Amino acid sequence: MAQVKNRLTPFFENITFDREDNELVLNFGPQHPSAHGQLRLMLHLQQEQIVKAHPDVGYLHRGMEKMAENMIYNEFMPTTDRMDYIASSSNNYGFALAVEKLIGLEVPRRAKVIRMLLLEINRLMSHLFWLATTALDIGAMTVFLFAFREREYLMDIIEGYCGARLTHAAIRIGGVPLDIQDSFLHQLRVFLNKLPQNIKDYEDLLDSNRIWLMRMEEVGTISTEMALSWGCTGPMLRASGVAWDIRKEEPYELYDEVEFNVPFSDKGDNFARYRVYMEEMRESAKILYQCMEMYEKCEKDGETELMAHAPKYISAPKLDIMTQNYSLMQHFVLVTQGMRPPVGEVYVATESPKGELGYYINSQGGPYPYRLKLRAPSFWHTGILTDLLPGHYIPDVVSIIGTTNIVFGEVDR
Amino acid sequence: MRAYKPKNDVQAKPYYTDRFYVAPQVPKFDVETDEVFASDLEAIKAKFEVKDAYIQVEQMVVYINAHDIYGVLELMRDELQYTQLSEMSAIDWLAKENSFEIFYQMLSMTKRKRIRVKYFIENGQAVDSVEKLFRSADWSEREMFDMFGIEANGHPFMKRILMPYDWQGFPLLKTYPLEGDEFAAWYEVDKIYGKEARDVIGPELRDPARVDRYDSERFARLGFEVPKGTEITDDMQRTVQEYQEKDGVFLIKKLDKESSVVIDDPQR
């Protein structure tokens, strides 16, 4: 329900309305800075209150599903970066996992640990970015600068790993291309040791901030039924009373070996979502500590494999390609023609920072997917604005868009 | 003679396939192997006709009749605890059997199971909207209409969602080329200047990203720089690069490697 307390009654000195029930149509976006990308909202207003909202998306539509049908599987990997570009490794991972399930591959343990390290760093990056931009939308410039500073350190670590800061393409079908660099663990440990204090700083600035509470508490409340019906996932669903985390419930990689909690709230408002994001950052840090231990154990046990061994689908290691004729021939075929997964279909859901990121792949045995459907969480988190915004006031629009954490690379695909 | 290219599927094709290559299958398992799926399937079978059902990659796939979809999903939501419709869309089989395959990806959070409900429709046939059951189908069905032209009966707002409202053609059909069709190529020109401007503008100027290497008015030639407006011939001389510091850059010349410190920790 809309917030009613502490609100000024609008008073127009020099504007006269012809009719008492005059409805104003406000066009919000697609170039509005707090629309988080290319969101256009048609808002029907009664004075300052929204009576009808109509989100209009598609300004960033690149036809990724169409592109996927015309690309070999490995070729599509860098394209997935451009979906949720705030946490691009999680998109790479979802696609890699879907193809691996399709061809029935088991990834080496060391690669799994590296993937988990990357995924959780991406989650932290995404959540920090969310906090920064949402706080900026509300007007908290300091938090924006603080959170971006921390995100920068994580991007440096990722940059050291794969050379890219935003579009990583750091995961391959069948494993990871590289081992982590020498400074990775040290840098990450330094970062993680400081993170609790950083999160506490943000909370000190926001948790008891009167403006923040006014803009967040009891604004944008999503009931459990509404969240389920609209296909909400991730923090949007968890803040509405359903403790559903795919990492916990349908564990992939080594998430069944690490200990972490699933924070959730039954309030469903903006503030609940904010709290869920903050707690998730702490849980991510917990997972990262455990992953670092796992990595060190891998190193001690001498597990050096980074790519799965499946000559029909995955190229051999570089050393084999350079020394063995048959590996070179197979590599040539896999690069020029592409791998040919078995005939069948698969739907694989992973927990991206935004929610359930699903890849549906229908393979007809050719080197190109016959149909690839990208299930991006933000698509429905934008759709829910249709039902969520009516009853709220114009300033609430900004804070609600902020806490839904929508990224338009993902909505429009 | 030119090689025959099928008109009904213009997507990328492998340039070489072994004549004797038989594609392997992703294994399908009997539904009886999983208790939860078996009981779910029994409940669906009791009320509706099930054409085929199997388990593939840990998820059950159920084929039903097109007109049963609303009833099946209602049963699954209300009695079988499949409370979320994760995803729904279509697969284009027009080239093969003139039909679309529609799939609905269902999730049960209490049972931790996923079921894919599927059915076939003829080309031109509409599907029944399930928007009344799951609000998420509102946008999914619009997207399906946008991409394939499949309409949903009973949908409150059956308009395009990702493409512009005045777009022609359905991009995810196999007959639609990747680079777009004639309409797509001239979309902006038609809209801004009108159709008659096509001849005036021409295909060369239509593309704003077009680079003309012989045009020295608007484009620079890196490495072969010439004054603006010069007529360009192919035998141009490479531009000689002259540096200000004849004996190397001042600062780097003075760098003493022995006494310098390399900072590798950005958070020092």
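Does A:Gln38 satisfy the criteria of being without any contact (Cβ under 8 Å) to a residue 40 or more places away in the chain, under 20 Å from A:Asp84 (Cα atoms) and not in a helix (DSSP H, G or I)? Step through it out loud before you land on a result.
Numbers: without any contact (Cβ under 8 Å) to a residue 40 or more places away in the chain: no; under 20 Å from A:Asp84 (Cα atoms): yes; not in a helix (DSSP H, G or I): yes.
For A:Gln38, the condition - without any contact (Cβ under 8 Å) to a residue 40 or more places away in the chain, under 20 Å from A:Asp84 (Cα atoms) and not in a helix (DSSP H, G or I) - is not met.
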(request) Considering (1) touching a Gly at 6+ places or on another chain (Cβ under 9 Å); (2) on the phi < 0 side of the Ramachandran plot; (3) buried (at least 23 other Cβ atoms within 10 Å of the Cβ), say which one A:Thr224 fails and leave the rest. (result) (3)
(request) List every residue pair whose Cβ atoms lie under 7 Å apart, where the two residues are 6 or more positions apart in sequence or sit on different chains, the first residue falls within region B:79-93 and is over 27 Å from A:Ala68 (Cβ atoms), and the second residue, located anywhere, is charged (D, E, K, R) and buried (at least 24 other Cβ atoms within 10 Å of the Cβ). (result) B:Leu80/B:Asp40
(message) I'm trying to understand the selection: among the residues of region A:227-236, which are among the small types (Gly, Ala, Ser) and either within 12 Å of another protein chain (Cβ to nearest Cβ) or out of contact with any Gly (no Cβ under 9 Å at 6 or more places or on another chain) (or both)?
(response) A:Ala227, A:Ser229, A:Gly231
(message) Residues to consider are A:Ala169, A:Ala132; find the one that is part of a loop (DSSP other than H, G, I, E, B) and under 16 Å from the mean Cα position of the chain (by Cα).
(response) A:Ala169
(request) Name every residue in region B:104-128 that is assigned to a loop (DSSP other than H, G, I, E, B) and within 14 Å of another protein chain (Cβ to nearest Cβ), in order of residue number. (result) B:Met109, B:Thr110, B:Lys111, B:Arg112
(request) Would you check which residues across region A:177-202 are outside any loop (DSSP other than H, G, I, E, B) and of a type in the set (Ser, Thr, Tyr) and list them? (result) A:Tyr202
(request) Quick one: which residue in B:Leu251, B:Leu205 is modelled with pLDDT under 80, outside any loop (DSSP other than H, G, I, E, B), under 38 Å from the mean Cα position of the chain (by Cα) and of a type in the set (A, V, I, L, M)? (result) B:Leu205
(message) With the requirement that a residue be within 23 Å of A:Asp84 (Cα to Cα), among the aliphatic types (A, V, I, L, M), surrounded by 19 or more Cβ atoms within 10 Å (Cβ to Cβ) and more than 13 Å from chain B (Cβ to nearest Cβ), what does region A:139-179 give you?
(response) A:Val143, A:Ala147, A:Ala170, A:Ile171, A:Ile173, A:Val176
(message) Can you find a residue that is within 11 Å of chain B (Cβ to nearest Cβ), under 26 Å from A:Leu102 (Cα atoms) and surrounded by fewer than 21 Cβ atoms within 10 Å (Cβ to Cβ) anywhere in region A:369-382?
(response) yes
(message) Name the single residue that is surrounded by the most Cβ atoms within 10 Å (Cβ to Cβ) among those in region A:332-368 being in a helix (DSSP H, G or I) and within 10 Å of chain B (Cβ to nearest Cβ).
(response) A:Val333
(request) Could you figure out which of (1) among the charged types (D, E, K, R); (2) surrounded by 12 or more Cβ atoms within 10 Å (Cβ to Cβ); (3) within 14 Å of another protein chain (Cβ to nearest Cβ) isn't true of B:Asp190? (result) (3)
(request) Please specify each residue of region A:299-331 satisfying the condition of being within 12 Å of another protein chain (Cβ to nearest Cβ) and either among the polar types (S, T, N, Q) or surrounded by fewer than 17 Cβ atoms within 10 Å (Cβ to Cβ) (or both). (result) A:Lys312
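Condition (residue is charged (D, E, K, R), without any contact (Cβ under 8 Å) to a residue 40 or more places away in the chain, farther than 27 Å from A:Phe260 by Cα and surrounded by fewer than 24 Cβ atoms within 10 Å (Cβ to Cβ)) applied to region A:55-68: is it met by at least one residue?
yes
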(message) Condition first: free of Cβ contacts under 8 Å to residues at least 60 places away in the same chain, assigned to a loop (DSSP other than H, G, I, E, B) and either within 20 Å of the chain's Cα centre (by Cα) or crowded, with 18+ Cβ neighbours inside 10 Å (or both). Can you find one or more residues in region B:139-148 that meet it?
(response) no
(request) Only one of these is part of a helix (DSSP H, G or I), in contact (Cβ under 8 Å) with a residue 40 or more places away in the chain and closer than 30 Å to A:Ile361 by Cβ: A:Met226, A:Met236, A:Met214. Name it. (result) A:Met236
(message) If I go through region B:19-43 residue by residue, how many of them are free of Cβ contacts under 8 Å to residues at least 12 places away in the same chain and of a type in the set (Asp, Glu)?
(response) 3
(request) Tell me which residues, restricted to region A:237-247, are within 10 Å of chain B (Cβ to nearest Cβ), closer than 13 Å to B:Arg112 by Cβ and within 17 Å of the chain's Cα centre (by Cα). (result) A:Trp244, A:Ile246
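Quick grid of which residues meet (1) within 27 Å of A:Thr386 (Cβ to Cβ); (2) among the β-branched types (Val, Ile, Thr):
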| position | (1), (2) |
| --- | --- |
| A:Pro55 | yes, no |
| A:Ile72 | no, yes |
| A:Asn91 | yes, no |
| A:Ala98 | no, no |
| A:Gly104 | no, no |
| A:Lys112 | no, no |
(request) Sort through A:Val411, A:Val407 and tell me the only one that's aliphatic (A, V, I, L, M), under 14 Å from A:Met83 (Cβ atoms) and away from every other protein chain (no Cβ under 13 Å). (result) A:Val407
(request) Tell me, please, whether a residue that is outside any helix (DSSP H, G or I), within 14 Å of chain A (Cβ to nearest Cβ) and surrounded by 10 or more Cβ atoms within 10 Å (Cβ to Cβ) can be found in region B:36-52. (result) yes
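The values are calculated or read from the model by the stated rules, or taken from the named source; none is laboratory data. Values in this document were obtained by computation on a predicted structure and should not be read as measured data. Ideal geometry is used to build each Cβ from the backbone, glycine not excepted, and the neighbour counts take in all protein chains shown.
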